[in-house]
Amino acid sequence: MPRTALLIVGHGSTVNPDSSTPTLAHAAEIRRRKVFADVACAFWKEEPSLRDALFLFDPEAIREVYVVPNFISEGYFTQTVIPRELELNGRATKRANGQVWKYCEPVGNHPSMTDLLLARAQEVAPDVDPGETSLLIVAHGTDLNENSAVAAKREAEKIRALGKYAAVLNVYMEEPPLVSDWQKLTETANVVVVPFFISDGLHSYEDIPVLLGIANKRSTRTRSPGRPTARQAITPRAPRGDVFRRNPYKIDGRSLFYAPSIGTDAGFANVIIEQTAKFDSEGSRRGGTG
């Protein structure tokens, strides 16, 4: 696509260095495929910032910019923050320099999310019988993340309708049904848990494992740098990815399999590209900023 660029927008984090990792990895893969003349990333909480993104593409060389939010669901960030910071006034925004910026749907809206969740569950527990297994899709919950909770419910309903697993549940960190109640909510010998998040961070590395009962609560997460406490000194933090490599966890005679966040799947590169194609095929029939 000559003279066309792709901007992938992520949330980023000032405390979690892994927050931007999937977004950067997907951008590198798309760049390798040479689908667009240029590929860049911008973040709300990291550099380059969303405001910086306005100046990333030379208007002489790039005439169109596709903007794809790397978010699980539509909500405050995709409907308010990103359009405001990128100065978008609709699905297609023509700049004073002649560039046209096309605002695509977030990746989590793509129908392939169902297949990606199924693939991740199969990957983490390849030898279990789905007929004897419960699949739990975990989102954050609470009013602050209302749409992500809805997205998890939508995917659970779609997978449940396939009849592949004995049970499929959408569960949450901070609202019922709670992921911490997984033993009460399920009856099968095997339980597979897939976080419905874009990146692996404090939720997937620490919070959810604690709620599942497969990790001890740490006191190091919010502590500022400095002299370690006695607990820090005697319980060093395990490597971040360790929690995903210890499957299965044996709890009360049952096997629990814990997967990395769905947004780390390499298939998201395809989803991002397809969201740009979807804009061109459907964008003219939609209004608003999405």
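The values are calculated or read from the model by the stated rules, or taken from the named source; none is laboratory data. Here the structure is a predicted model, which is why all the values come from computation and not from measurement. FYI the Cβ positions are ideal-geometry reconstructions off the backbone, even for glycines, and counts take in every protein chain you see. We work out accessible area using only protein heavy atoms, side chains counted, and drop any ligands, DNA or RNA first. Shrake-Rupley method; radii C 1.70, N 1.55, O 1.52, S 1.80 Å.
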Under 15 Å from the Cα of LYS250 - aspartates and glutamates, other chains or at least 8 residues apart:
GLU187
Could you state how much accessible area HIS26 has, in square angstrom rounded to the nearest 10, with a 1.4 Å probe and all protein chains kept in place?
10 Å²
What share of the DSSP beta bridges in the chain is antiparallel, in percent to the nearest 5?
15 percent
Computed Kirkwood radius, in angstrom, where 1/r is averaged over Cα pairs of region 85-124
12.8 Å
Name the aspartates and glutamates eligible as straight-distance cross-link partners of LYS278: C-alpha to C-alpha under 14 Å, and not fewer than 8 places from it in the same chain.
GLU105
Rounded to the nearest whole Å², what accessible area per residue is found for the chain with the 1.4 Å probe?
47 Å²
For region 181-192, Karplus-derived ³J(HN,Hα) couplings (6.51, -1.76, 1.60; θ = phi - 60°; whole Hz; x for glycine and proline) come out as 9, 4, 5, 7, 7, 10, 10, 7, 5, 10, 9, 10
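Just reorder ASP200, ASP181 by solvent-accessible area, largest first, 1.4 Å probe, all chains present.
Values: ASP200 15, ASP181 50 Å².
My answer, sorted largest first, is ASP181, ASP200.
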Please give me, ordered by residue number, the trypsin sites (Lys or Arg not before Pro) of region 93-153 that lie in loop per DSSP and have at most 16 other Cβ atoms within 10 Å.
ARG95
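So what's the projected area for region 5-60, the Cα convex hull averaged over all directions, in nm²? Provide the component values of the computation, followed by the final result.
Numbers: hull surface 14.7 nm².
Average projection, Cα convex hull of region 5-60: 3.7 nm².
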³J(HN,Hα) computed for each position of region 114-123 - Karplus, 6.51 cos²θ - 1.76 cosθ + 1.60, integer Hz, glycine/proline x
4, 5, 5, 5, 5, 5, 5, 5, 5, 5
Give the lysines reachable from LYS94 as a straight Cα distance under 16 Å; neighbours fewer than 8 places away on the same chain don't count.
LYS102
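Quick check: from the Cα gyration tensor, does the chain come out rounded (a/c under 1.5), prolate or oblate?
It is prolate, given that a/c is not under 1.5 and a/b is the larger ratio.
How high is the relative contact order of region 67-196? Use alpha-carbon pairs under 8 Å, at least six apart in sequence, and give a whole percent.
Details: 185 pairs, mean separation 35.7, N = 130.
Normalised by residue count, the contact order of region 67-196 is 27 percent.
Defining a contact as two alpha carbons under 8 Å apart and six or more residues distant in sequence, what relative contact order in percent does region 33-132 show? Please list the in-between numbers first.
Details: 89 pairs, mean separation 26.4, N = 100.
Relative contact order here is 26 percent.
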With Rg and the Kirkwood Rh both taken from Cα atoms, where does Rg over Rh land for region 1-149?
1.03
Built amide H within the under 5 Å cut-off of VAL65, gap 5+:
ALA5, VAL100, TRP101, LYS102
Springs between alpha-carbon pairs under 10 angstrom, Gaussian network model over the chain: which of SER255, SER134, SER20 fluctuates most?
SER255
Rounded to one decimal in nm, the spacing of the 7 Å Cα→Cβ label points at ALA167 and ILE251 is 1.3 nm
For the full complex of protein chains and a 1.4 angstrom probe, list MET173, MET113 by accessible area with the highest value first.
MET173, MET113
Within the chain, what whole-number % of the accessible surface is contributed by carbon and sulfur, with the 1.4 Å probe and all protein chains included in the calculation?
51 percent
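With contacts defined as alpha carbon pairs under 8 Å and 6 or more residues apart, what's the relative contact order of the chain in percent? Don't jump to the answer; show the numbers that get you there.
Working: 500 pairs, mean separation 60.4, N = 290.
Once divided by the residue count of the chain, the mean separation gives 21 percent.
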